[in-house]
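Asker: The following block contains the structure, expressed as structure tokens.
The values are calculated or read from the model by the stated rules, or taken from the named source; none is laboratory data. Small disclaimer: the values here were computed from a predicted structure and weren't measured. Note that we place each Cβ from the backbone using ideal geometry, even for glycine, and neighbour counts take in every protein chain shown. These area figures cover heavy atoms from the full protein model, side chains too; ligands, DNA and RNA do not enter into them. Shrake-Rupley method; radii C 1.70, N 1.55, O 1.52, S 1.80 Å.
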Amino acid sequence: MAEKQTMPYVCHVLVCTNDRHGERKSCADGDNPAVRKQLKDEVKKRGWLGKVRVSQCGCMGLCAGGPNVAVYPHKIWFADVRLEDVGGILDTIQTLLDDTA
Ligand code: FES
């Protein structure tokens, strides 16, 4: 039987990297693989490891508005994400970390 636990991170950032190879819109059509890498690099650089986890994920069901990035458990959703939006996403995460300090 599964063991129910409390989530160990303050924020879990899910970056959809689903790729439908042009058959229809998917988050990999944008810069999301690069967005994921930059978020991961910044989390490490800022010393947030253990508090913030960045994970790639499959389709989250709102493809038309993508590329999508979600922040849990805060119910924050970034749509139409581009590489230049990473700074704003990091600012949001910083605020969430400040709120739990
Ligand atoms: S492909 Fe990213 S939400 Fe569906």
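Asker: Only one of K4, K40 is more than 16 Å from the ligand (Cβ to nearest atom), open to solvent by 50 Å² or more (accessible area, probe 1.4 Å) and touching a residue at least 12 places away in the same chain (Cβ under 8 Å). Can you tell me which? Talk me through it step by step, then tell me what you get.
Answerer: Numbers: K4 fails: touching a residue at least 12 places away in the same chain (Cβ under 8 Å).
The conditions single out K40.
Asker: Of everything in segment 66-86, what is open to solvent by less than 40 Å² (accessible area, probe 1.4 Å) and either hydrophobic (A, V, I, L, M, F, W, C) or closer than 12 Å to V35 by Cα (or both)? Give them in sequence order. Talk me through it step by step, then tell me what you get.
Answerer: Let us first name the residues in segment 66-86 that are open to solvent by less than 40 Å² (accessible area, probe 1.4 Å), namely 66-71, 81, 86.
Residues satisfying the conditions are P67, N68, V69, A70, V71, V81, V86.
Asker: A further question follows. What number of residues within segment 7-28 satisfy the criterion of being open to solvent by 90 Å² or more (accessible area, probe 1.4 Å) and within 12 Å of the ligand (Cβ to nearest atom)? Reasoning before the result, please.
Answerer: Filtering segment 7-28 for residues open to solvent by 90 Å² or more (accessible area, probe 1.4 Å) gives 8, 21, 23-25.
Adding the requirement that they be within 12 Å of the ligand (Cβ to nearest atom) leaves 21, 23-25.
The qualifying residues number 4.
Residues are listed down the side, and each one gets a yes or a no for (1) hydrophobic (A, V, I, L, M, F, W, C); (2) touching a Pro at 6+ places or on another chain (Cβ under 9 Å):
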position	(1), (2)
G22	no, no
N32	no, yes
K44	no, no
G47	no, no
R53	no, yes
V69	yes, no
T92	no, no
T95	no, no
A101	yes, no
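Asker: All but one of (1) away from the ligand (no atom under 13 Å from the Cβ); (2) buried (at least 17 other Cβ atoms within 10 Å of the Cβ); (3) more than 12 Å from the chain's Cα centre (by Cα) hold for L49; state the number of the condition that does not hold.
Answerer: (2)
Asker: Restricting attention to segment 52-65, which residues are away from the ligand (no atom under 12 Å from the Cβ) and open to solvent by less than 70 Å² (accessible area, probe 1.4 Å)?
Answerer: Initially, segment 52-65 is screened for residues away from the ligand (no atom under 12 Å from the Cβ), giving 52-55.
Scanning segment 52-65 gives V52, V54, S55.
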